[in-house]
Amino acid sequence: MSELLVRNAYVIDPLSGIKGDIMDIAIRDGKIVEEVGRNAEVIDADHCLTLPGGIDSHSHVCGTKVNFGRYMSPEDMRAGRTARKGVMHVTSGYSVPTTFGNSYRYSTMGYTTVLEGAMAPLEARHTHEEFTATPHQDMLANTLFDGNWSIMEAVRDRDVNRAAAVVAWTLSAVKGFAIKLTNPGGTEAWGFGEDVHSIRDQVPHFGVTPGEMIETMIRANEILNLPHSVHLHCNCLGVPGNYQTTLDTIDLVPDLNAKRQSLYLTHLQFHSYGGSTWRDISSKSEDIARAVNNKSQLAIDMGQIMFGRTTTMTADGPMEFKLYMLHHNKWSNHDVELETGSGIIPVYYSRKSLVNCVMWAIGLELALLVKDPWQCMLSTDNPNGAPFVKYPEIIALLMSRRFREREMALLDPRTGHYAPLPAIDRELDWYEIAVMTRAAQAKALGISGIGKGHLAPGAEADVAIYPLKPGLLDPSTDYQQVMAGFGKTRYTIKRGRVVARDGDIIVEGANSTIWTKANVPPEYNLSADPEFVKKFEQYYTVRMSNYPVQDLYLPRGVRITTEAAL
Amino acid sequence: MKFLLNTGRTIKQGSYVERKNSTAYRQEATSLHMHPVDMMDLEIEEESHVRVESDYGVVVMKVYPALWISQGEVFVCLGPYANHLVSPETHCTGMPDFKGMIVQITPTTEPLVTVAALMEQCGGIQYED
Amino acid sequence: MKIEDVVCPFCGCLCDDLVVEVEGTRVVSVENGCTLASEKFMGDHRLKSPIRRAGKRWEETSYNEAIRETAEILCDADRPLLYGWSGTHGEAQSIGIHLAELLGALVDNTSTVCHGPSIMAIQEVGHPGCTLGQVKNRADVIVYWGTNPIDAHPRHMSRYTTFADGFFLKEAFRDRKVIVVDVRKTESANIADEFVKIQPGGDYAVLSALRAIVMGKRGIIPLSVSGVSREQLFRVAALLLSAKFGAIFFGLGLTMSPGKYKNIRNAIELTEELNRHTKYTISPMRGHWNVYGSNEVFTWISGYPYAVDFARGIAFYNPGETTSVDVLRRKECDACLVVASDPGAHFPKACAEHLAQIPTIQIDPHTNATTHLSRIQIPVAVTGIDAEGTAYRMDGVPIRTRMLFKGNYPSDTEILERLYALVKEAKGL
């Protein structure tokens, strides 16, 4: 039995309704408990800000395309490297760090759970191998269904039950967590070099539209009672005028779940553009935020961009090719048979680019204009908008109007003409930041029930103690301290153990992988379904028996089992 | 005569690759394929032994006629014999010039050597099962 | 006992549809496999026990002793090189890199003399690729450039390209066009719709000519480019552009020939240019069944696909400097651990000579050329036969190889774990 007591903590625990109380947190054997014995190890938090461990609900850190981002970018590997030290392995990389690099950097920022935003089912084993080498965070994998032939056939046949069955079989086979749609239909079209340009476009050869796919999958998701909702990367990412596609998508979303959103819209900054060309691109954050404010069944994350160098990587293959046509840097693409695609290019977001300045403004605007912080999570779509190490700076920008004004002064002076940011006064408070960086994620992902994102007795003892004393700081003016404080915890506690302290990693760590298994009635088990088996016999290049990820790839797998309403 | 030596995989080389000390592997890895017209010029028959020499080494091989190769070029499957002739220079790429070496080929009566003997020439000690 | 859907641990095709019959600790038949697969599974010539050199002769030794001596040699070395890795499973590769980290060693895999130049090119211009099923289901034009799949990847054409029926190509052999480019008329060239014979060393120029034609600059093409007539170049370019989905595969004919990584860069840029007109992908024909896995594992741990030097504490990568052939050529390393490969056979003579000069230890199921250069050899189980683990196909698809029977040999993972523990202890960690 190991016991730990965190004393004198300034706790904000939104899911428990605690908004800034000085209290003690008792931990036994990795769980939060009511109290511990007198022999418990004691940490004096000294009135520092103490939050549940951070949760990133959309980040690209593990798997085929992430590793290819490293593989093709020795210049990025050189841009961030540390030697082996104590229990720490060597790390390399700035925007696409090695797995240990990601893990240590997240850990020193107080993050204990990360969702990988895009896993191709065929290559799931790779994602899980990298999860195991990301030892300080519990990991979850969004599983890609955007170009899945069996799904598109079910959508064409208007058979939502079959779509649900395909999802159930696949999530179970690949140990995935949730349904991810990346440019639905677009990745299949990209198989022949095409794309779709609205939610009403036909996907070539399959006779379905992205809109039909999205609607069907939202319903299939609820039939399966999955913890998370459908996680959508909308069509037309990064295209001027795409806000209309985003609004059209939002119009489709029913309210089907009382506990959480019915659709999670990721990196919405990239989907909130007005104008018709790169010359007249403008912010449509007000329209998008209004739509989100009007529909409680939506949750979004920001997809903030930050200036500087990074690497873009997404399953959205056609988008990356378009981006390459603009940047003419190096370009990688990786289509995945019967399922999805992906692309990678390095980018540099410049303060001298009006387009980049408008993009930067839009992300912040979304966070400031969406009224309910539970509906808008902090993200950079790591590393697409910026590496996650920029989160503290984003927090500071959201908490300080003065900081924003200082930054605006460095931008293209026309930015204010195309984006409403200068007119927004709102400054987020500590509570709202706590919501946007862990509590809202736990709720949106549906994992608060397994003890994530809160500090109530029974919860996982994942705790972040930051060297920030809310009573003594005014974030509006002390934004530099806010930034520094969120960058390096005094203590990061993972499953009851101190794993990082003052920026140093002190244990090797051993994470869990959280996945979902939806039980379906026998007639919906596709293992022996002729049409489904035929996909493997005739079109896949991997045998059906070699496709599922074996249990041993998840040394500490945590299975969430649901019963499908089929 | 001077030739351009090209190397590559062959199905036999691949088949015997985990039996490098076998006669079959040695047979394949010492087989040098040459255009018949060049063989006439060298006045050699099929299975004649030749001495193949580069600036970096010399090795004995056995000649076979091949119509799929151009005159002036010879082909040997990749392996220790061909590599006995290769310069370790990589031009800062890590990759030696495994393809496109210039070699001098002359008829010889010298015998083929085993892989083990070839490695002993490199300073090793032969291991026999 | 017949085992179905067995994964073949020979070439980068990583076929996973073999049926293998096992009796006790012996494979007695192989169905669906190519010649290479049959030889691999049926092969029965393992090294019986660990061996060590005592002066000018060899003697048997125990696993304990061999591992202990290996640990001592590695700890004593100032500049150890850990080389090979492509013929073992990912879990063993992972321990190998962590061992290198611990030792401050150089660690390199067989890409260094294979597709290392392709990786360098990809690091310059990227890589538009895809999984092999994408090619099987869609590609109507296939190009094999500087590669001879019939000999090196015997089932590539029947599983993934020329002869494989796919979703959008119901009669593949009739519906697909195949272009083979090589300096010699290989077996693969014999079944091509268009064989382009290039003078040795002429790949770069021919690629440039095709790029120019695709860009609409036909006027600048001379009558002949590296032995290829202008008419044929025009014809090939038209064929390339006629594709709805084109797939280019290339091999060592590009990576090892003059120009090296610049050849690959040019081929990738041709692919990129073709993508402005239609859909194209390009893929290296990876040799070892798990060489791509070694690149993947190296990358997620160290940041670099091969040629990683931990001497400075951090991971340092500079092909041409930290690549095995260069390190051996400079006689820089003073000990070498070879795992699952045969540098004695596949490195230039000067490198083999240096391996013989320094204490070289080999972990491998079979005796090979490197055996004679070594001081110690530790036999292990063959992954895919009596050991199992993760492998990455040439297109990045990860597949778990199977253990068909439990034999008497330890796996690479077991040996390396023990070695790692000894080194860790010796370092006081």
Q) Quick one: in region B:53-75, which of the residues that are in a strand (DSSP E or B) and hydrophobic (A, V, I, L, M, F, W, C) is nearest to the other protein chains (Cβ to nearest Cβ)? A) B:F75
(Q) I need the full set of residues from region B:89-129 which are within 11 Å of chain C (Cβ to nearest Cβ), out of contact with any helix residue (DSSP H, G or I) (no Cβ under 8 Å at 6 or more places or on another chain) and not hydrophobic (A, V, I, L, M, F, W, C), in order please. (A) B:H91, B:D97, B:G100, B:Q121, B:D129
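Restricting to region B:13-49, give me the number of residues that are charged (D, E, K, R), in contact (Cβ under 8 Å) with a residue 24 or more places away in the chain and buried (at least 19 other Cβ atoms within 10 Å of the Cβ). Please lay out each step first, then the result.
Restricting attention to region B:13-49, the residues satisfying the condition of being charged (D, E, K, R) are B:18-20, B:26, B:28, B:38, B:41, B:43, B:45-47.
Then keep just the ones that are in contact (Cβ under 8 Å) with a residue 24 or more places away in the chain; that gives B:20, B:26, B:28, B:38, B:41, B:43.
Okay, now just the ones that are also buried (at least 19 other Cβ atoms within 10 Å of the Cβ), so B:20, B:26, B:28, B:38.
Looking only at that region, the number is 4.
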Q.
Of everything in region A:493-515, what is in contact with a strand residue (DSSP E or B) (Cβ under 6 Å, 6 or more places away or on another chain), over 14 Å from A:R105 (Cβ atoms) and among the β-branched types (V, I, T)? Give them in sequence order.
A. A:I493, A:V498, A:V507, A:T513, A:I514
Q. If you take just the helices (runs of 4 or more DSSP H) that sit entirely in region A:317-402, which of them hold at least 2 residues that are modelled with pLDDT of 95 or more and either touching a Pro at 6+ places or on another chain (Cβ under 9 Å) or buried (at least 20 other Cβ atoms within 10 Å of the Cβ) (or both)?
A. A:354-369, A:391-399
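In region A:188-202, what residues are in a helix (DSSP H, G or I) and either among the small types (G, A, S) or in contact with a helix residue (DSSP H, G or I) (Cβ under 6 Å, 6 or more places away or on another chain) (or both)?
So in region A:188-202, the residues in a helix (DSSP H, G or I) come out as A:188-192.
The answer is A:A189, A:W190, A:G191.
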**Q.** Those residues of region C:372-429 which are acidic (D, E) and assigned to a loop (DSSP other than H, G, I, E, B), in sequence order
**A.** C:D386, C:E388, C:D395
(Q) Suppose the filter is on the phi > 0 side of the Ramachandran plot and in contact with a strand residue (DSSP E or B) (Cβ under 6 Å, 6 or more places away or on another chain); does A:K175 pass it? (A) yes
Q: Taking C:A247 as meeting all but one of (1) closer than 30 Å to A:D195 by Cβ; (2) within 11 Å of another protein chain (Cβ to nearest Cβ); (3) part of a helix (DSSP H, G or I), write down the number of the exception.
A: (3)
Q) Got at least one residue in region C:343-351 being within 12 Å of chain B (Cβ to nearest Cβ), in contact (Cβ under 8 Å) with a residue 12 or more places away in the chain, under 23 Å from B:V86 (Cα atoms) and in contact with a strand residue (DSSP E or B) (Cβ under 7 Å, 6 or more places away or on another chain)? A) yes
Q. Of all residues in region A:410-429, which are touching a strand residue (DSSP E or B) at 6+ places or on another chain (Cβ under 6 Å) and outside any loop (DSSP other than H, G, I, E, B)?
A. A:Y418
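Going by the conditions given, is C:A267 among the aliphatic types (A, V, I, L, M), crowded, with 24+ Cβ neighbours inside 10 Å and either on the phi > 0 side of the Ramachandran plot or facing chain A (nearest Cβ under 9 Å) (or both)?
On the way: among the aliphatic types (A, V, I, L, M): yes; crowded, with 24+ Cβ neighbours inside 10 Å: yes; either on the phi > 0 side of the Ramachandran plot or facing chain A (nearest Cβ under 9 Å) (or both): no.
Considered against the rule, which asks whether it is among the aliphatic types (A, V, I, L, M), crowded, with 24+ Cβ neighbours inside 10 Å and either on the phi > 0 side of the Ramachandran plot or facing chain A (nearest Cβ under 9 Å) (or both), C:A267 comes out as no.
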Q) For region C:151-164, does any single residue satisfy the condition of being in a loop (DSSP other than H, G, I, E, B) and over 26 Å from C:M256 (Cα atoms)? A) yes
(Q) Just the residues that are assigned to a loop (DSSP other than H, G, I, E, B) and of a type outside the set (K, R), please, taken from region C:275-309. (A) C:N275, C:H277, C:T278, C:M285, C:G287, C:W289, C:N290, C:G303, C:Y304, C:P305, C:Y306, C:A307
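On the basis of being farther than 30 Å from C:R159 by Cα and free of Cβ contacts under 8 Å to residues at least 60 places away in the same chain, does C:E60 make the cut? Lay out the reasoning, then the answer.
Numbers: farther than 30 Å from C:R159 by Cα: yes; free of Cβ contacts under 8 Å to residues at least 60 places away in the same chain: yes.
Considered against the rule, which asks whether it is farther than 30 Å from C:R159 by Cα and free of Cβ contacts under 8 Å to residues at least 60 places away in the same chain, C:E60 comes out as yes.
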(Q) Residue under question is A:D502, and the condition is that it be out of contact with any Phe, Trp or Tyr (no Cβ under 7 Å at 6 or more places or on another chain), acidic (D, E), over 21 Å from A:S57 (Cα atoms) and at pLDDT 95 or above; does it hold? (A) yes
(Q) Is it the case, given these coordinates, that C:R79 is basic (K, R), farther than 24 Å from C:D386 by Cα, touching a residue at least 60 places away in the same chain (Cβ under 8 Å) and more than 12 Å from every other protein chain (Cβ to nearest Cβ)? (A) yes
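Assess whether C:A311 counts as being touching a residue at least 60 places away in the same chain (Cβ under 8 Å), facing chain B (nearest Cβ under 10 Å), of a type in the set (G, A, S) and over 28 Å from C:R46 (Cα atoms).
Numbers: touching a residue at least 60 places away in the same chain (Cβ under 8 Å): yes; facing chain B (nearest Cβ under 10 Å): no; of a type in the set (G, A, S): yes; over 28 Å from C:R46 (Cα atoms): yes.
No; evaluated as a whole, the condition is false for this residue.
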Q. Could you give every pair whose Cβ atoms fall below 8 Å, whose first residue belongs to region C:368-383 and is within 9 Å of chain B (Cβ to nearest Cβ), and whose second residue is modelled with pLDDT under 95 and buried (at least 24 other Cβ atoms within 10 Å of the Cβ), counting only separations of at least 6 or pairs across chains?
A. C:N368/B:K20; C:A369/B:K20
(Q) I need every pair where a residue in region A:466-481 that is farther than 22 Å from A:P52 by Cβ has its Cβ under 7 Å from the Cβ of a residue that is part of a loop (DSSP other than H, G, I, E, B) and of a type outside the set (A, V, I, L, M), sequence separation at least 6 or different chains. (A) A:S476/A:S400; A:S476/A:E427; A:Y479/A:S400
Q: Within region C:122-146, work out how many residues are over 18 Å from A:T314 (Cα atoms), within 10 Å of chain A (Cβ to nearest Cβ) and assigned to a strand (DSSP E or B).
A: 0
**Q.** Residues of region A:323-369 satisfying the condition of being among the charged types (D, E, K, R), under 22 Å from the mean Cα position of the chain (by Cα) and over 23 Å from A:K180 (Cα atoms)
**A.** A:E365
(Q) Pull out all pairs, ordered by first then second residue, where Cβ-Cβ is under 7 Å, the residues are six or more apart or on different chains, the first lies in region B:98-116 and is touching a residue at least 12 places away in the same chain (Cβ under 8 Å), and the second is exposed (fewer than 15 other Cβ atoms within 10 Å of the Cβ) and among the basic types (K, R). (A) B:I102/B:K2; B:Q104/B:K2
Q. How about region A:416-451: which of its residues are crowded, with 23+ Cβ neighbours inside 10 Å and either over 22 Å from the mean Cα position of the chain (by Cα) or more than 30 Å from A:A141 (Cβ to Cβ) (or both)?
A. A:A419, A:L421
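The values are calculated or read from the model by the stated rules, or taken from the named source; none is laboratory data. Worth saying up front: this structure is predicted, and the values here are computed from it rather than measured. So basically every Cβ, Gly included, is an ideal-geometry build from the backbone, and we count neighbours across all protein chains shown.
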